[in-house]
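S.K.: Here it is: the structure, laid out below.
The values are calculated or read from the model by the stated rules, or taken from the named source; none is laboratory data. Source: prediction; values computed, not measured. Cβ sites come from the backbone with ideal geometry, for glycine too, and all protein chains shown count toward neighbours. For accessibility, only protein heavy atoms count, side chains too; no ligands or nucleic acids. Shrake-Rupley method; radii C 1.70, N 1.55, O 1.52, S 1.80 Å.
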Amino acid sequence: MTADAASASVAESDGAALAAPSDRGPRRNRSAYLRYGAGKLGGAAVSLLAVLVTSFFLFRLIPGDPVKTMTGGRQVSSEQLAAYRREFGLDLPLWQQFTDYCGKALTGDLGTSYQFRAPVIDKITEALPNTLVLTGTAFVLYTVLGVYLGTRAAWRNGGPSDRLNTGLALVLYSIPSFWLGLLLIIVFSVGMGPIPGLFPTGGMESGGETGFAYVLDVAHHLVLPVVTLVAVEYGQTLLVTRSALLDEMGSDYLTTARAKGLRDDLVRRRHAVPNAMLPTMTLIFVNLGRTVAGVILVETVFSWPGLGGLFYQALSVPDLPLVQGLFFVFAAAVIVMNTLADLLYPLLDPRVGR
């Protein structure tokens with residue numbers, strides 16, 4: 001082999017050695033993300049299994065006999081009670097009830113409601129749109145309001161607007177939602193003195209409306225429950241956003257951005273806020289999962305025909321299949337959204353998941 005050939009061979013091997021890390025880099029990052037994602041999905045599966053087991057045993061601790069409750073206090077013979085128990089499988093041993101419940105749940109069958117004599121999944125599907133209308137509207141409003149006010153409060157840390165926004169958020173966040181809802185009903189629905197009530201006391205519609213008039217009627221009924229949810233929930237988003245942004249305020253990259261002559265608004269919008277959004281994103285996804293669950297107390301106070309009101313109604317019987325099914329759906333929605341947030345983290349911040 002000549003000297004030129006040898007040097008060329010060495011150069012090629014050096015070039016291959018230099019190129020190899022850059023080729024392996026994307027594959028290594030992809031492999032790390034796949035391992036990270038598999039771990040998160042496995043944790044979510046374990047959590048869902050734990051919820052499935054918990055939902056079965058937890059509500060059987062509630063005192064009372066659901067079969068006797070369904071009779072409405074009427075005198076019923078022991079033979080009729082036994083027939084009811086056979087119909088709903090309550091005469092089986094507890095371990096067999098549990099295995100039947102898990103087997104059916106894994107196929108999407110959450111059982112049959114005691115009080116409605118209908119599949120649980122049908123009752124959930126029927127009430128879900130009503131809940132999403134209420135909690136989805138409130139979610140959008142309190143998320144936008146909380147992020148906007150939290151950003152401005154942190155940027156003007158210690159100023160009058162910061163103290164006002166933070167103090168108001170803390171006060172409203174500490175108020176029980178049902179108490180605030182009752183107060184709004186007294187002031188704006190029942191009316192005070194000669195002032196008539198401006199909004200309905202409850203329900204989702206007045207009835208008899210169609211088309212655009214129906215939309216306006218539902219919007220009219222939405223005002224008070226949405227205001228209640230926004231007033232109580234926006235404070236949490238504000239406080240988390242403010243805290244995360246304050247942690248970024250002294251970072252070197254913000255000083256560099258200012259030194260380049262960027263205006264404060266641009267520094268905040270383009271640099272500070274995106275890097276401070278990870279904690280807020282977690283909260284947003286958790287709240288997004290909670291939109292499926294609704295807010296039980298608020299829906300009950302305003303007689304809103306959603307999943308929260310349905311859960312309260314089932315709990316009072318107790319309607320075990322319906323309570324179990326709703327509890328599983330509520331928990332599963334939060335787990336799924338939290339897992340989705342975890343999977344998006346490495347895309348927003350490459351340092352996560354390495």
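S.K.: Only residues in the range 225-239 that are without any contact (Cβ under 8 Å) to a residue 60 or more places away in the chain count as the first member; pair them with residues that are of a type outside the set (Ser, Thr, Tyr), Cβ under 8 angstrom, at least 6 apart or cross-chain, and list the lot.
M.R.: Cβ pairs passing all conditions: 227/184; 231/172; 231/175; 231/180.
S.K.: Taking residue 164, is it in a helix (DSSP H, G or I), farther than 24 Å from residue 308 by Cα and without any contact (Cβ under 8 Å) to a residue 60 or more places away in the chain?
M.R.: Yes.
S.K.: Could you check the range 115-126 and list, in sequence order, the residues that are touching a residue at least 40 places away in the same chain (Cβ under 8 Å) and either within 17 Å of the chain's Cα centre (by Cα) or open to solvent by 10 Å² or more (accessible area, probe 1.4 Å) (or both)? I'd like the intermediate steps shown before the answer.
M.R.: First, pick out the residues of the range 115-126 that are touching a residue at least 40 places away in the same chain (Cβ under 8 Å): 115-116, 120-121, 123-124.
Selection gives 115, 116, 121, 123, 124.
S.K.: While we're here: Between residues in the range 141-160 that are in contact (Cβ under 8 Å) with a residue 12 or more places away in the chain and aromatic (Phe, Trp, Tyr) and residues that are assigned to a helix (DSSP H, G or I) and open to solvent by 40 Å² or more (accessible area, probe 1.4 Å), which pairs lie under 8 Å by C-beta distance while being six or more apart or on different chains?
M.R.: Cβ pairs passing all conditions: 155/264.
S.K.: Let me confirm something: among 205, 126, 209, which residue is assigned to a helix (DSSP H, G or I) and either at pLDDT below 85 or out of contact with any Leu (no Cβ under 8 Å at 6 or more places or on another chain) (or both)?
M.R.: Values: 205 fails: assigned to a helix (DSSP H, G or I); 209 fails: assigned to a helix (DSSP H, G or I).
Among 205, 126, 209, only 126 is assigned to a helix (DSSP H, G or I) and either at pLDDT below 85 or out of contact with any Leu (no Cβ under 8 Å at 6 or more places or on another chain) (or both).
S.K.: Can you find a residue that is among the aromatic types (Phe, Trp, Tyr), surrounded by fewer than 18 Cβ atoms within 10 Å (Cβ to Cβ) and not in a loop (DSSP other than H, G, I, E, B) anywhere in the range 139-154?
M.R.: Keep residues of the range 139-154 that are among the aromatic types (Phe, Trp, Tyr), which gives 139, 142, 148.
From what's left, surrounded by fewer than 18 Cβ atoms within 10 Å (Cβ to Cβ): 148.
Remaining after also requiring not in a loop (DSSP other than H, G, I, E, B): 148.
For the range 139-154, residues among the aromatic types (Phe, Trp, Tyr), surrounded by fewer than 18 Cβ atoms within 10 Å (Cβ to Cβ) and not in a loop (DSSP other than H, G, I, E, B): present.
S.K.: Scan 345, 312 and give me the residue that is at pLDDT below 85 and either among the aromatic types (Phe, Trp, Tyr) or open to solvent by 50 Å² or more (accessible area, probe 1.4 Å) (or both). If you could, list the steps in order and put the result at the bottom.
M.R.: Numbers: 312 fails: at pLDDT below 85.
It is 345.
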